[in-house]
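Let me begin by presenting the structure, written as structure tokens, before commenting on it.
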Amino acid sequence: MPYIVNWSKYPLPQKEWEYFATLDLAKRRKFLKEHGLQYLRKNNVPRCEMCNHVFFHCVCDDPEFAKKKLLWQKELKKSFKGKLTHSQRLVQKVLDKARKYHLNIYLAYSGGIDSECCLQLFKEGIKEGLITVIVGNTTTELPDTFRRWKEAETELGVKFIYALPERGVTFKSNAIKNGLSVYPRNAEIGEEKRNPTKLCCENLKENPQFKLMKKADGIILGLKATENSQGRRWTIFKNGDCFFTANGKWNIKPIAYWTIENEWEYQRLMKFKYNTIYDKSNCNKIGLFKLSTGKFFQIRSGCAFCPQGIYSGYLEWLREYYPKWYDALKKTYNEVAEIRGDGMNFLQVLLIKKKTEMVKQKQLPCGEPLFK
């Protein structure tokens, strides 16, 4: 078997789980619901003891995967110069194929440092008209992000395509309908807690972008294997930084093997402009904010009204540099909680934050200080 599982830890016998592995996604959900189980809840669905992946996704003793893993680790250990050379070759490969086969290649740009590096790597292709830039505009981004979008358009001399939510869909209307997005959408918690955030992301950002990208032959994404996301890491592990997806699209990740330090090294090398949210630091370290707990919050772009980062210190940073947005978020939460009658008001959200800080013994990895 390609997995090592202590079956006694889980609520159903091994044969039941092996049957579960043969089902399609819809039937798996039905199976779990019938047994009162949840996919992401700890000790509900069996996981490999070695890699912590759900048992039927484990590839620990797959020799082909072992080779890919070694290559992946080799790429991660390269100097930044080596990584940049690798990325530049990938960029050239994509542009050559786009010219030769007249492909529609889209670049997903958020204004964050990840997608900014992708934008800079592909800027000549964008200027040439080979790459189309798609921006997911939820209408709740911080003012610095809006400014960076327009500034980047001017620098490149092109117009970006903006993916907007459907008419009438806002953070507030979505929260009234589906609940307040307090908990992370991928956390190992109940579906009821996780769903509001998941639906908010889908309705305001993901679905509008997917609609625009239907005609794309390839999509450029600023995803990294070094991020604190097991799913992203293992996708790159298995497929590399350029591969075809199940729906036939070319998936291109030019900074797959970079670290956050590599991104800022690239910025210093190329001296390109970036989103000024990263300068909102109280410790003279670009991209980092020192919290009242003494820990560091890694500043990230995204929806200003999304408080799922409360566990890492987002609200404290928002209150410090964007007090009007903080107050607007507080007001919206209180209004939605009152309308729904079952939602959490802002005080309850802050109590969750405080409880989380007290329980946590170690800080989650968030990158090292970049500038002294």
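The values are calculated or read from the model by the stated rules, or taken from the named source; none is laboratory data. It should be emphasised that the depicted structure is a prediction, and the values quoted were computed from it without experimental measurement. Cβ coordinates were reconstructed from backbone atoms using ideal geometry, including for glycine residues, and neighbour counts include every protein chain displayed.
Restricting the search to region 150-173, which residues are outside any loop (DSSP other than H, G, I, E, B) and touching a residue at least 40 places away in the same chain (Cβ under 8 Å)?
Within region 150-173, E151, A152, E155, I161, A163, F171, K172 qualify.
For A246, indicate whether it is at pLDDT below 85 and in contact with a helix residue (DSSP H, G or I) (Cβ under 8 Å, 6 or more places away or on another chain).
When the stated conditions are applied, A246 does not pass them.
Tell me, which helices (runs of 4 or more DSSP H) wholly within region 4-102 include 3 or more residues that are at pLDDT 85 or above and in the same structural domain as F122 (by TED's automatic domain parsing)?
Where helices (runs of 4 or more DSSP H) fall fully within region 4-102 and carry at least 3 residues being at pLDDT 85 or above and in the same structural domain as F122 (by TED's automatic domain parsing), they are 63-77, 80-101.
Among all residue pairs at least 6 apart or on different chains, which show Cβ distances below 9 Å where the first residue, located in region 74-88, is within 13 Å of K224 (Cβ to Cβ) and the second is of a type in the set (A, V, I, L, M)?
Between residues of region 74-88 that are within 13 Å of K224 (Cβ to Cβ) and residues that are of a type in the set (A, V, I, L, M), the close pairs are E75/A225; E75/A256; L76/A225; K83/L76; K83/I255; S87/L121; S87/I255; S87/A256.
I want to confirm something. Restricting to region 22-38 and keeping residues that are of a type outside the set (K, R) and within 27 Å of the chain's Cα centre (by Cα), which single residue is nearest to R185 (Cα to Cα)?
By that ranking, first place goes to Q38.
Taking the options H57, H53, name whichever one is out of contact with any Phe, Trp or Tyr (no Cβ under 6 Å at 6 or more places or on another chain) and without any contact (Cβ under 8 Å) to a residue 60 or more places away in the chain.
H57
Scan L269, L329 and give me the residue that is among the hydrophobic types (A, V, I, L, M, F, W, C) and at pLDDT 95 or above.
L269
Keeping to region 29-59, report how many residues are charged (D, E, K, R) and surrounded by 16 or more Cβ atoms within 10 Å (Cβ to Cβ).
So the answer is 1.
In region 108-125, is there at least one residue being surrounded by fewer than 17 Cβ atoms within 10 Å (Cβ to Cβ), among the basic types (K, R) and either within 21 Å of the chain's Cα centre (by Cα) or assigned to a helix (DSSP H, G or I) (or both)?
Checking region 108-125: not a single residue is surrounded by fewer than 17 Cβ atoms within 10 Å (Cβ to Cβ), among the basic types (K, R) and either within 21 Å of the chain's Cα centre (by Cα) or assigned to a helix (DSSP H, G or I) (or both).
I'd like to verify a number: residues in region 256-286 that are touching a Ser or Thr at 6+ places or on another chain (Cβ under 7 Å) and either over 16 Å from F80 (Cβ atoms) or free of Cβ contacts under 8 Å to residues at least 60 places away in the same chain (or both), how many?
So the count comes out to 2.
Looking at this structure, is F146 modelled with pLDDT of 95 or more, buried (at least 18 other Cβ atoms within 10 Å of the Cβ), not assigned by TED's automatic domain parsing to the domain that holds Y322 and not basic (K, R)?
no
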